[in-house]
Amino acid sequence: PEDCAMFQCRGCWAVLGDSLHLCAQEEQRLGLLVCFKVTNDVTWEDSLMIGLEGALLGCAYNALSCRSCGLIVGFILYSASSDLAHLRGFFCFFKDSIL
């Protein structure tokens, strides 16, 4: 456990996840930490959003937000291009939205 880390919301410091559930770091284009499990402080909308620009252009996803303060902290990809397909179904945190 000494090598473990908690991921907290940058807005209110709520605990969103930890490094025990970390799957991957997608650093090049999106600046993400990818987890397969998160805490109850992470919520997502049932409705899908469609990326209109940038790296998520044409992708369908659910936005992840902090239950405590409402800050958007990442997304769950529903459908994506082949280069992002490996991220589908995982909890993807924006590195600049977490501590």
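Quick note: the coordinates plus some simple rules give every number you see, no bench work behind them. These numbers were taken from a predicted model, which means no experiment stands behind them. Note that we place each Cβ from the backbone using ideal geometry, even for glycine, and neighbour counts take in every protein chain shown.
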### Query
Assigning unit charges at the beta carbon (Lys, Arg +1; Asp, Glu -1) and nothing else, what dipole magnitude in debye, to the nearest 20, does the range 6-97 show about its Cα centre?
120 debye
### Computed FRET value (nearest 0.05) for residue 12 with residue 52, which takes r as the C-beta separation and R₀ as 30 Å
0.60
### Message
Show me the three semi-axes of the equivalent ellipsoid for the chain, from the C-alpha gyration tensor (sqrt of 5 times each eigenvalue), largest first, rounded to whole Å.
### Response
21, 16, 11
### Summary
Length-normalised contact order of the chain, Cα under 8 Å, at least 6 apart, in percent, tallies to 27 percent
### Message
5 Å is the cut-off here: which amide hydrogens, built 1.01 Å from N in the peptide plane, fall below it relative to residue 64, excluding neighbours closer than 5 in sequence?
### Response
73, 74, 75, 76
## Note on the structure
If one builds a Gaussian network model of the chain from Cα atoms under 10 Å apart, the most fluctuating residue listed among 77, 48, 32 is 48
## Note on the structure
Binned at 5 Å starting from 0, the alpha-carbon pair-distance distribution of the range 3-44 in whole percents comes out as 6, 21, 29, 27, 15, 2
### Query
Say each of residue 21 and residue 68 gets a label point 7 Å from the Cα, pointing the same way as Cα to Cβ; how far apart are those two points in nm?
1.6 nm
### Task
Calculate one ³J(HN,Hα) per residue across the range 5-18 by plugging θ = phi - 60° into the Karplus curve 6.51 cos²θ - 1.76 cosθ + 1.60, and present them in order as whole Hz with x for glycine and proline.
9, 9, 9, 10, 5, 5, x, 9, 6, 4, 7, 9, x, 8
